[in-house]
1. Being surrounded by fewer than 15 Cβ atoms within 10 Å (Cβ to Cβ) and among the β-branched types (Val, Ile, Thr) is the filter; apply it to region 203-241 and report the residue that is modelled with the lowest pLDDT.
2. Would you confirm whether any residue within region 141-153 is at pLDDT 90 or above, under 30 Å from Lys12 (Cβ atoms) and not assigned by TED's automatic domain parsing to the domain that holds Glu26?
3. Quick check on my filter: what residues within region 62-89 are at pLDDT 90 or above and either buried (at least 16 other Cβ atoms within 10 Å of the Cβ) or not assigned by TED's automatic domain parsing to the domain that holds Asp40 (or both)?
4. Hand me the list of helices (runs of 4 or more DSSP H) wholly inside region 1-92 holding 2 or more residues that are under 25 Å from Ser183 (Cα atoms) and under 17 Å from the mean Cα position of the chain (by Cα).
5. I'm trying to understand the selection: among the residues of region 161-191, which are in a helix (DSSP H, G or I), touching a residue at least 12 places away in the same chain (Cβ under 8 Å) and within 24 Å of Ile74 (Cα to Cα)?
Amino acid sequence: MIALIGPTASGKSDLAIKFALKYGYEILSLDSLSIYKEVDIASAKPLKEELELVKHYGINEIYPNEKFDVMKFIEIYEKIKNKKIIIVGGTSFYLKAMLSGISPMPKIDDEIKKEALKYNWEFLNDIDKEWANKIKPEDKYRISKAIEIYLATNLVPSKYFKLNPPKPIIQNCDIYEIAVDRSVLRERIVKRTTKMFEMGLIDEVAYLESKYRDRTLPVLKAIGVKEVLDYFNGVYDKESLKQKIITNTARLAKRQQTFNKTQFENKISLPLEKLEKILLNK
């Protein structure tokens with residue numbers, strides 16, 4: 001098992017497909033947008049022909065109005081029978097979670113979820129200052145999750161996680177990172193964004209909005225989608241829209257590079273061309 005990481009638009013998918021075809025591997029996608037059906041252009045997921053060439057997991061798994069988190073990703077991984085896979089994508093947080101492990105969570109029913117919404121950060125701070133200090137007062141999602149644990153177990157979150165330490169999902173995995181200069185990466189982002197417009201990005205977003213009608217869905221807040229929605233509202237003209245997507249994608253890529261640099265110590269980091277020679281001549 002190997003993992004191929006790198007910022008968005010760095011060439012991961014193409015290299016992964018070449019590697020998989022040569023060595024008989026399957027691909028597990030680490031992309032938090034490609035997992036959704038109907039989001040083909042905004043996610044820059046592999047083309048239908050490419051998906052038919054190599055078996056992919058983590059792509060087209062759920063609909064945009066279905067919930068997705070790291071536990072769903074782990075569930076997908078654990079169902080894969082053939083572990084001769086290459087893990088690839090820009091959302092390296094999922095890979096980090098699998099390597100570091102996830103604590104088993106208590107059963108949370110709908111009644112507990114509903115009850116947890118009544119409480120705020122101040123309540124969490126009163127019962128568990130240690131855990132509250134890890135969460136911003138405006139982060140309602142994480143606050144609610146912490147309260148759910150407390151209501152379900154009668155244990156404050158900090159105590160619960162000490163009693164239920166994380167267990168790694170993956171034991172051994174060689175990690176390869178595509179190192180790319182930011183000026184080169186920006187050129188690749190410009191090309192990819194231009195291609196997305198040519199493929200019909202605006203029409204795809206219009207379809208998603210008309211079908212789901214809920215701009216709070218993660219899909220409709222994703223880069224490439226939220227900017228088009230602003231375009232519909234008259235915030236941008238078409239050229240400004242394109243530049244905004246390029247800028248926001250470049251910022252995302254920078255955050256991804258920083259995460260990969262700080263979270264993965266034992267990895268091989270090389271430019272795409274050198275990495276391709278190493279991986280395709282194993």
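The values are calculated or read from the model by the stated rules, or taken from the named source; none is laboratory data. Just so it is clear, the model here is predicted, and its values are computed rather than measured. Counting neighbours? That spans all protein chains shown, and the Cβs are built from the backbone with ideal geometry, glycine included.
1. Filtering first and then ranking leaves Thr216.
2. There is at least one residue in region 141-153 that is at pLDDT 90 or above, under 30 Å from Lys12 (Cβ atoms) and not assigned by TED's automatic domain parsing to the domain that holds Glu26.
3. Across region 62-89, the qualifying residues are Pro64, Ile76, Tyr77, Ile85, Ile86, Ile87, Val88.
4. The qualifying helices (runs of 4 or more DSSP H) are 12-23.
5. Phe161
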